[in-house]
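S.K.: The following block contains the structure, expressed as structure tokens.
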Amino acid sequence: MTLQAYCAQLSGLTRAPGAVWTDLTLNRAPHKPLLLLAVMDMVTRGALKSRFISIMEELVELNELFTDYWRRVVPVTHTSSIAFPFSRLHTEPFWRLVPKAGAEITRPIIDSIATVTQLRRVVLGAEMDEELFLHMSSVAGRAGLQQALLRSCFSEEASRFLSEELGIHTEAFIYSQALEAVAHNVPASETPRLEQYRRVARDQGFRRAVVFTYNHRCALCGLRIVTPEGHTAVDAAHIEPWSETKNDDIRNGMALCKLCHWTFDEWLIGVSDSYTVIVSRQLRQKHNTASFLADLAGKEVFGPEDRVLWPHQGYLGKHRKRLRA
């Protein structure tokens with residue numbers, strides 16, 4: 001099919017009306033177009049290399065992108081699972097759910113899916129038309145499809161919000177790649193100037209680079225929890241505070257769970273020159289109940305698979321100097 005034909009299909013998406021939907025989404029459910037915008041972001045990043053979208057492999061990053069778009073045009077009181085549009089797009093001519101062995105995809109089953117857990121019980125993923133994927137894979141085709149969604153599914157104001165978010169996603173991805181390139185000593189002439197990116201894009205890019213590099217695992221305690229919807233338990237933490245250094249070097253970052261992040265930022269826990277955990281004596285004082293944190297002392301940290309991206313001892317050394325006695 002031609003690009004124009006697919007633009008027409010995207011412009012005619014079936015979207016349910018409802019009182020919760022505002023003028024921003026033309027008083028209809030925005031789930032499907034927002035998911036398709038997120039899918040195109042994945043194609044842009046090279047994270048989606050074929051027309052098949054795995055519900056296991058691609059869903060974490062896809063859900064983050066979908067959620068970013070959702071927050072720009074939907075009231076904060078209204079939430080949604082990515083499972084809803086992922087399953088309901090099956091009713092569109094270009095999108096097909098791929099069932100698990102022995103499972104059957106029927107309209108009643110689709111209508112009953114409200115969570116990723118329910119989705120995973122019956123499907124392996126989804127596949128789109130090969131021709132649609134090829135159009136998404138070209139800059140011009142992707143731009144045409146994006147504009148078709150924005151014009152047909154959203155108000156002018158909402159289209160501006162979503163176009164801005166699309167730009168942030170693109171900048172954040174380029175920024176995360178640039179951070180990895182800098183860590184691998186790629187010549188400055190071959191990498192973009194990091195300071196040219198907007199702060200929000202830098203924040204997203206640093207988070208993406210660090211969290212994905214550590215595979216969602218806390219560097220200090222080893223905690224790794226990713227919910228079916230793709231929510232992760234870790235933050236991208238700066239070793240030297242960003243407020244003091246503005247330093248987004250991946251090696252100035254670690255993935256840390258909420259508790260380890262707070263404890264690290266309070267200089268109650270650190271990392272030695274041999275990459276083992278240091279626990280401050282203050283954390284062990286009688287008035288504190290440090291629980292498992294005290295037991296981390298002397299244990300090796302969990303670093304990225306790529307040794308080049310491990311925390312730099314120069315940054316860790318400066319953090320150690322501020323550890324509480």
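The values are calculated or read from the model by the stated rules, or taken from the named source; none is laboratory data. All figures in this text were calculated on a predicted structure; none of them were measured in a lab. When we count neighbours, we look across all protein chains shown, and the Cβ atoms used for this are built from the backbone with ideal geometry, even at glycine.
S.K.: Give the residue that is modelled with the highest pLDDT, with candidates limited to residues of segment 273-325 that are polar (S, T, N, Q), outside any helix (DSSP H, G or I) and surrounded by 12 or more Cβ atoms within 10 Å (Cβ to Cβ).
M.R.: So in segment 273-325, the residues polar (S, T, N, Q) come out as 274, 276, 280, 282, 285, 288-289, 291, 313.
Now restrict to residues that are outside any helix (DSSP H, G or I): 274, 276, 280, 285, 288-289.
Adding the requirement that they be surrounded by 12 or more Cβ atoms within 10 Å (Cβ to Cβ) leaves 276, 280, 288.
Details: 276: 97, 280: 91, 288: 76.
Among residues in segment 273-325 that are polar (S, T, N, Q), outside any helix (DSSP H, G or I) and surrounded by 12 or more Cβ atoms within 10 Å (Cβ to Cβ), the one modelled with the highest pLDDT is 276.
S.K.: Taking segment 231-264 on its own, how many of its residues are assigned to a loop (DSSP other than H, G, I, E, B) and surrounded by fewer than 19 Cβ atoms within 10 Å (Cβ to Cβ)? Give the steps one after another, and end with the answer.
M.R.: From segment 231-264, those assigned to a loop (DSSP other than H, G, I, E, B) are 231, 233, 239-241, 246-249; that's our starting set.
The next check asks that each one be surrounded by fewer than 19 Cβ atoms within 10 Å (Cβ to Cβ); those that pass are 231, 233, 241, 246-247.
Final tally of qualifying residues: 5.
S.K.: Answer yes or no: is there a residue in segment 35-50 that is small (Gly, Ala, Ser), more than 24 Å from the chain's Cα centre (by Cα) and within 30 Å of residue 140 (Cα to Cα). Please lay out each step first, then the result.
M.R.: Filtering segment 35-50 for residues small (Gly, Ala, Ser) gives 38, 46-47, 50.
Filter once more, keeping what is more than 24 Å from the chain's Cα centre (by Cα): none.
The answer is no, given that none of the residues of segment 35-50 is small (Gly, Ala, Ser), more than 24 Å from the chain's Cα centre (by Cα) and within 30 Å of residue 140 (Cα to Cα).
S.K.: Okay, next question. Determine which single condition residue 19 fails, assuming it passes every other condition in (1) of a type in the set (Gly, Ala, Ser); (2) out of contact with any strand residue (DSSP E or B) (no Cβ under 6 Å at 6 or more places or on another chain); (3) touching a residue at least 60 places away in the same chain (Cβ under 8 Å).
M.R.: With respect to (1) of a type in the set (Gly, Ala, Ser); (2) out of contact with any strand residue (DSSP E or B) (no Cβ under 6 Å at 6 or more places or on another chain); (3) touching a residue at least 60 places away in the same chain (Cβ under 8 Å), residue 19 is out only on (3).
S.K.: Filtering segment 125-183 down to residues that are in a loop (DSSP other than H, G, I, E, B) and touching a residue at least 12 places away in the same chain (Cβ under 8 Å), which residue is nearest to residue 214 (Cα to Cα)? Break it down stepwise before answering.
M.R.: Taking segment 125-183 as the starting set, the residues that turn out to be in a loop (DSSP other than H, G, I, E, B) are 129, 137-138, 154-155.
In the following step, the residues that additionally are touching a residue at least 12 places away in the same chain (Cβ under 8 Å) were identified as 129, 137, 154-155.
Numbers: 129: 34, 137: 28, 154: 37, 155: 39 Å.
That would be 137.
S.K.: Turning to a different aspect of this structure: Here are some residues: 154, 161. Which one is under 25 Å from residue 71 (Cα atoms), surrounded by fewer than 20 Cβ atoms within 10 Å (Cβ to Cβ) and among the aromatic types (Phe, Trp, Tyr)?
M.R.: On the way: 154 fails: surrounded by fewer than 20 Cβ atoms within 10 Å (Cβ to Cβ).
The match here is 161.
S.K.: Please work out which residue is farthest from residue 169 (Cα to Cα), limiting yourself to segment 203-228 and to residues that are among the charged types (D, E, K, R) and surrounded by fewer than 18 Cβ atoms within 10 Å (Cβ to Cβ).
M.R.: Here the answer is 224.
S.K.: Taking segment 103-119 on its own, how many of its residues are assigned to a helix (DSSP H, G or I) and either touching a Leu at 6+ places or on another chain (Cβ under 9 Å) or without any contact (Cβ under 8 Å) to a residue 24 or more places away in the chain (or both)? Show your work before the answer.
M.R.: Of segment 103-119, the ones assigned to a helix (DSSP H, G or I) are 107-112, 116-119.
Subset that is either touching a Leu at 6+ places or on another chain (Cβ under 9 Å) or without any contact (Cβ under 8 Å) to a residue 24 or more places away in the chain (or both): 107-112, 116, 119.
Final tally of qualifying residues: 8.
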